[in-house]
Amino acid sequence: MLFSAHLWSRGRMLALCLALLGGLALAGWWQAQQDTGAALRAGTLRLHIRADSDGVYDQTCKLAVRDAVLDLTARLWPRDASPAQARQAAARSLPRIQWAARQALARLGVSAPVQVSLVNMYFGTTRYDGFALPAGRYDAVRVDIGRPGSYGQNWWCVLYPGLCAAACGGYDDPAQTDLVCGDYILRFRAVEWWQQLTASRADRVLVML
């Protein structure tokens, strides 16, 4: 009886040790994914354009503004710019972005007001052709066409590191690129679920004209 109890006790202790090691490994994995997600959000600058309404013409105007803004922002910072440099260039260039948007509307005979700002805001999970960004709070250049309360469907993409035109890639850290472009579904879901659960939905304006 004592021998059996001794064996049972050793087996139980081994199981408990393995469970503890497994828990520590899972906690470390979880933290690594959250750290990668945080670095990804800090290293990303998005573009968010809101149309005046859901009408066909207003949505067409939105796309014209999109083309004009993308043409301009492609020249605002060098290809080797850091995330901080890209944000600084975007903040300094808000008047130029606003002017480009107004000019695009003027060519269509539209005189709707245009508000441009740099904001920190919540984005849901966004899937593009060839990559996806997990939910969470990102900095974004926002272009609002029309007056508040009447905005239609949104359009958004990634200004930095320049994923609006490219299918994927651009992040310096391979872990961030893998999270966005790879097939690591479990990793992506870990970041996505935690941000959906914890991230604030309130917009925070960083710079506004």
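Overview of values
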item: Any chance Arg92 is under 14 Å from Met208 (Cα atoms), open to solvent by 40 Å² or more (accessible area, probe 1.4 Å) and in contact with a helix residue (DSSP H, G or I) (Cβ under 7 Å, 6 or more places away or on another chain); result: no
item: Residues of region 176-198 classified as crowded, with 17+ Cβ neighbours inside 10 Å and small (Gly, Ala, Ser), total; result: 1
item: Within region 44-61, considering residues that are touching a strand residue (DSSP E or B) at 6+ places or on another chain (Cβ under 8 Å) and in a loop (DSSP other than H, G, I, E, B), the one most open to solvent (accessible area, probe 1.4 Å); result: Asp52
item: Inter-residue pairs, beta-carbon under 6 Å, first in contact (Cβ under 8 Å) with a residue 12 or more places away in the chain and of a type in the set (Asp, Glu) and in region 130-159, second in a strand (DSSP E or B) and open to solvent by less than 10 Å² (accessible area, probe 1.4 Å), 6+ apart; result: Asp139/Leu45
item: Verdict on Ala135 being open to solvent by less than 20 Å² (accessible area, probe 1.4 Å), in contact with a Ser or Thr (Cβ under 6 Å, 6 or more places away or on another chain) and under 22 Å from Thr44 (Cβ atoms); result: yes
item: Residue among Trp77, Trp29 that is of a type in the set (Phe, Trp, Tyr), modelled with pLDDT under 85 and open to solvent by 10 Å² or more (accessible area, probe 1.4 Å); result: Trp29
item: Pick from region 124-163, criterion among the β-branched types (Val, Ile, Thr) and more than 10 Å from the chain's Cα centre (by Cα), ranking: nearest to Gly109 (Cα to Cα); result: Ile145
item: Test: residue in region 139-150 that is exposed (fewer than 14 other Cβ atoms within 10 Å of the Cβ) and of a type in the set (Val, Ile, Thr); result: no
item: Conditions (1) in contact with a Pro (Cβ under 7 Å, 6 or more places away or on another chain); (2) open to solvent by 70 Å² or more (accessible area, probe 1.4 Å); number of the one not met by Arg102; result: (1)
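The values are calculated or read from the model by the stated rules, or taken from the named source; none is laboratory data. What you see is a predicted model; the values in this text were computed from it and never measured. When we count neighbours, we look across all protein chains shown, and the Cβ atoms used for this are built from the backbone with ideal geometry, even at glycine. Calculation scope for accessible area: heavy atoms of the full protein, side chains included, ligands and nucleic acids excluded. Shrake-Rupley method; radii C 1.70, N 1.55, O 1.52, S 1.80 Å.
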